[in-house]
Amino acid sequence: MSLFDYTVTLGPALLNGLIETLKLFGMTLLLAVPLGLPIALGNISRFPPFRLLCKLYVWVFRGTPLMLQLFFFYYGLGIIANNTGWLFLRFDRFPAAVLTFTLNYAAYFSEIYRAGIQSIDRGQYEAAKTLGFTRGQTMFRIIIPQTIRRIIPPVSNETITLVKDTALVNVIAVPELLKVAKDAANRDSNAIGYLLAAVAYLIVTLVLTMLYRRLERRFSRHEQEAV
């Protein structure tokens, strides 16, 4: 079989793997991005128990390998479910991957949000208090809108990392892009699948990079106009 024919034959399987990768990527972003905000606010909360709980959450999920977390939520919870009869703890492969990635990336996003919030000048809090704003109004009307502009670059980097990290779910046999390429290479003793997978990852990361650069330019322009 020629190189072209092999590529065409392998194409549909790789496309399905890419779709699975993008599903995991999209669902993780959809859930982790908003989840990171209350964790970030908890990290700077004046209520010590909530602050301690959020700090512990971030420490655990940033301090342990993502692959280990995948094993725990898929295999570990499955063992606990079998031993205790708590079947609600048992997850199929893809839901386990979504849960793991969401909890992990929410911890990373929360630290980005926290750093962005704390980078805002304290004088703005005092000015808002003078104008009669409550702490909640100050945060959501004044601080967070400015924070969004500042965190676009680190969020962009974390998002691109997420695309590459999706490859880790092949360890629990989720049929994503890398697993399809690896299975094809093992079956056919041909590395073309790896090359095509690499091209697919590069295209996705290129599209995301261009999107975030456009967002940065747009927010920078609005900020300059506001000044």
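Since every read-out is calculated from the coordinates, none of them should be taken as a lab result. The structure presented is a predicted model; accordingly, all values stated were derived computationally and were not measured. Glycine gets a Cβ as well: all are built from the backbone with ideal geometry, and neighbour counts include every protein chain shown.
Computed quantities for the displayed model
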{"read-out": "Candidates ASP121, ASP165, ASP183: whichever shows maximal mean-square fluctuation once the chain is modelled as a Gaussian network with Cα springs under 10 Å", "value": "ASP121"}
{"read-out": "Potential lengthening between ARG217 and ILE80 on full extension [0.36 nm per residue; Cα-Cα distance subtracted]", "value": "44.4 nm"}
{"read-out": "Order of VAL180, VAL58 - criterion: other Cβ atoms within 10 Å of each residue's Cβ, fewest first", "value": "VAL58, VAL180"}
{"read-out": "Trypsin sites (Lys or Arg not before Pro) restricted to DSSP loop in the stretch 23-55 with at most 10 other C-beta within 10 Å", "value": "ARG46"}
{"read-out": "The stretch 18-48 versus the stretch 131-153: alpha-carbon centroid distance in Å", "value": "18 Å"}
{"read-out": "³J(HN,Hα), Karplus 6.51/-1.76/1.60, whole Hz, each residue of the stretch 41-51, x for Gly, Pro", "value": "5, x, 5, 10, 5, 8, 9, x, x, 5, 4"}
{"read-out": "Computed [θ] at 222 nm, deg cm²/dmol, the chain (DSSP H ≥ 4; -39,500 (n - 2.57); rounded to nearest 500)", "value": "-26500 deg cm²/dmol"}
{"read-out": "(i) 1.00; (ii) 1.02; (iii) 1.07, with the label sought being that of the calculated Rg/Rh (Cα atoms, Kirkwood Rh)", "value": "(iii)"}
{"read-out": "GNM top mover of ILE151, ILE80, ILE172 - the chain, alpha-carbon springs below 10 Å", "value": "ILE80"}
{"read-out": "Paired Rg and Dmax values of the stretch 1-104, which use every Cα atom, in angstrom", "value": "18.8, 67"}
{"read-out": "Total formal charge among the other residues, if their Cβ is under 10 angstrom from that of PHE94, Lys/Arg +1 and Asp/Glu -1", "value": "-1"}
